[in-house]
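See structure below.
The values are calculated or read from the model by the stated rules, or taken from the named source; none is laboratory data. Please read these numbers as outputs of a predicted model, since none were measured by experiment. Cβ: placed from backbone, ideal geometry, glycine included. Neighbour counts: every protein chain shown.
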Amino acid sequence: MFAQLFLGIAMIVHGTCHLLDKRIFLRKNIESYVSDVRSYQKGAALSAFLLGFLFIVMGLVEKLANIPTTTFIIIYIILAAIPLTIAIVNNKKHSGYYWL
């Protein structure tokens, strides 16, 4: 549970840095892949926020709820597909590649 909480907080900090146009989590040669870095960072911030909240909420659900392991994993995969799809679409939209 604590690992998921810390990972969720780290993802929210990651998203905040992208939203505030900090280049801490970007590669040095990002301009060669992405034409508009600011727009790319806004899209990356949304997916990082969603993943961070997902990690935190699922960590709390794991601690408080007594659900079967397979159900928990299936719910986790289904809910994580949304922000990961947003990240992939953002990469394709701004760079032409699915993975940066």
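For this structure, a couple of remarks:
- Residues in the stretch 16-52 that are in contact with a Lys or Arg (Cβ under 9 Å, 6 or more places away or on another chain) and over 26 Å from Phe2 (Cβ atoms): Asp21, Ile30, Tyr33, Val37, Ser39, Tyr40, Gln41, Gly43.
- Any hit, the stretch 85-98, residues being at pLDDT below 95 and closer than 16 Å to Leu7 by Cα: no
- Test: residue in the stretch 30-42 that is out of contact with any Leu (no Cβ under 8 Å at 6 or more places or on another chain), touching a residue at least 24 places away in the same chain (Cβ under 8 Å) and of a type in the set (Phe, Trp, Tyr): yes
- The residue that is nearest to Arg23 (Cα to Cα), counting only those in the stretch 73-88 that are hydrophobic (A, V, I, L, M, F, W, C) and touching a residue at least 12 places away in the same chain (Cβ under 8 Å), is Ala87.
- Residue list for the stretch 1-19, restricted to those being within 11 Å of the chain's Cα centre (by Cα), small (Gly, Ala, Ser) and either over 19 Å from Leu64 (Cα atoms) or exposed (fewer than 14 other Cβ atoms within 10 Å of the Cβ) (or both): Ala10, Gly15
- Selection of the stretch 43-66 for residues being among the aliphatic types (A, V, I, L, M) and loosely packed, with under 11 Cβ neighbours inside 10 Å yields Leu64, Ala65.
- Selection count, the stretch 23-42, where residues are of a type in the set (Lys, Arg) and surrounded by 13 or more Cβ atoms within 10 Å (Cβ to Cβ): 1
- Yes/no for Phe72 being more than 17 Å from the chain's Cα centre (by Cα), assigned to a helix (DSSP H, G or I) and among the aromatic types (Phe, Trp, Tyr): yes
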